[in-house]
1. Can you compute the modelled spin-label distance between B:GLU191 and A:ILE23, with each label point 7 Å from Cα toward Cβ, in nm?
2. Give me the distance between the Cα centres of the range A:135-172 and the range A:243-259, rounded to whole Å.
3. Calculate, for B:ILE209 and A:ILE270, the FRET efficiency according to 1/(1 + (r/R0)^6) with r their C-beta to C-beta distance and R0 60 Å; round to the nearest 0.05.
4. How large is ³J(HN,Hα), in whole Hz, for each residue of the range A:259-267 in order, when computed from phi with the Karplus curve 6.51 cos²θ - 1.76 cosθ + 1.60 and θ = phi - 60°, using x for Gly and Pro?
5. Along the charge dipole of the protein assembly as shown, pointing to its positive end and built from +1/-1 on Cβ of Lys, Arg, Asp and Glu, which listed residue (B:GLY145, A:ALA250, B:GLY19) has its Cα farthest out?
6. May I ask for the distance between the Cα centers of the range B:162-218 and the range B:83-111, given as a whole number of Å?
7. Report, in listed order, any pair from A:LYS80/A:LYS148; B:LYS64/B:LYS101; A:LYS2/A:LYS222; B:LYS17/B:LYS120 with a Cα-Cα distance greater than 20 Å.
8. At 7 Å along the Cα-to-beta-carbon direction for both B:VAL137 and A:GLN257, put a label point, then send me their distance in nm to one decimal.
Amino acid sequence: MKSIRNRILIWVFLLFLIIWAGISYATFYQSSHEVEELFDSELAQVAGVLTQISTALELKHAGIEPRLQKDVYGHRYEKKIAFQIFENNKLILYSANAPTTIMSKENGFSDQMINNKLWRVFRLQTKEHEQEIITAERYDVRDEIVLKITTDSLYPLTLMIPILLLIIWIGIDRGLSPIRRLTRQIWHRSPDNLEPISVNFDIPSEINPLFTALNNLLDKLKDAFERERRFTSDAAHELQTPLASIKTQAQVALRSQNKNEQHHALEKTIEGINRATHMVQQLLALARLEPLATLGQKSELDLYALTQTLMAELDIESHKKILSSASMVRNLLISKATNPQ
Amino acid sequence: MRILLVEDDPILGDGIKSGLLQDQYNVDWLTNGGQASQALETDSYDLLLLDLNLPVKSGLDILKDIRKNNNTLPVLILTARDATEDRVKGLDMGADDYLSKPFDLDELLARVRALLRRSKGRTTPTLQHGRLELNPVEHTLTLSGKTVDLPPSEFNLLLLMLEDRGRVFSRGQLEENLYGWNKNVDSNAIEVHVHHLRKKLGNELIRTIRGVGYVIDK
């Protein structure tokens, strides 16, 4: 069975997923771009600082191993930054994670493939000391940080999704409660109660047409049942007299000791049975004319012609007595007028 | 006993009339309300059997007219309407009893007897007069315990006069009561019946009042 609630939930969930994906992508793209710039500027800054330091120290060590110790690093991201300082094309100082060959031959920023790893490299050249300062950073480290930043910023949004869905679920549940109450009310009705449904709460506009249609249907059903009941009652009423006549004549025959009288009473009994049979056939014909299938459809109708046809069909001319019940003729005409076939 | 039956259904009317005739009632049968009203004005009856759905004039209207004229005629209504309210309405308008169709002929006849009995101020089913005991239900008559056979017309004459002891009946009244208007009756039929009754039951039972009619003294 299709559930409105589930359908709404699925759609809302899909919508959230799309929005979430969009936001995630935008956040990731934005953050990575910002972080790249931040890191780039850091590379440049570090290069600048190194230039100052190397100038001040006037490093001119030749032949010694100018590598820096690993344990001087303080920050967990910092160790990934590698640097090289060349003087007159000679490597005079470099970090432990840097290679001994020059990482970039072009000034400024560039991407370099070194030992199967992609690096972001910045090269700075001083004129007076003929020094080359190179700072570099591995892309995978950068990406890791970018990813970390993005996921951190997406955490709250991701956590919000189940909470939002829960709130929506409750909201829909609340919204659907009139339907449940209406259902309960209809469920507890007795089958013979065809009165319109009345509720002591506001019917939401979405289900109001359904509610109205239901009450309309009940109304029509009530009319139909009423007509049916009246017809049955009229039919029973019309049959009372023929039955009484049959019974009386039969009892007269039973009580009589006179052959002629008995014969007369029996003939009258049979006459009465024939008449009752005919009447039952007429009633059945009437019942077939009583329409239930075409409830509520109205169209113009030539009552006079219809009455004539009916009278011919039902042989009323020769059995005026049988259809003398005004209510039956009235019912018949009314039912024909309101429900033409 | 003269009964007016008003029933517009030909087969039912015929059946009820036959049933009443079997019990030796004198029955006039009419099929429309207008005729019934007229008959009630001109003739006297002991009981009215009335259908409610009648052409020309409805049973209830006839009933209303009867009671308006302070007529105490017992009325038994026969109708196909069997809703309680209809019954209540009929009885409230002055009917004495009510039978819904289809009914049992025996029940109808029993109710007719009960109504006639009550209208004559009697509660027991038999009539006693001196050594005579007359049973209208079984149509039997005993004189000092011995059964006396009477033809229906004599029995009815005796029953009529016993029901109204002390009342003087004219010959015309007796004829009308016994035969209604449908039959050709010998002009001296009543005298013949009285003669036969006196022979069988004794001369002192029915007294002749010259120039007026006959009476059974209380």
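1. Going by the 7 Å Cα→Cβ label model, 13.0 nm.
2. Result: 101 Å between the Cα centres.
3. Computed FRET efficiency for B:ILE209 and A:ILE270: 0.70.
4. 4, 5, 5, 4, 4, 4, 5, 5, 4
5. B:GLY145
6. So the separation of the two Cα centres works out to 33 Å.
7. Check vs 20 Å cut-off fails for B:LYS64/B:LYS101; A:LYS2/A:LYS222; B:LYS17/B:LYS120.
8. 1.9
A short reminder: the numbers here are calculations on the coordinates, not readings from a lab. Quick caveat: nothing in here was measured; it's all calculated off a predicted structure. Virtual Cβ from ideal backbone geometry, glycine too; neighbours counted across all protein chains shown.
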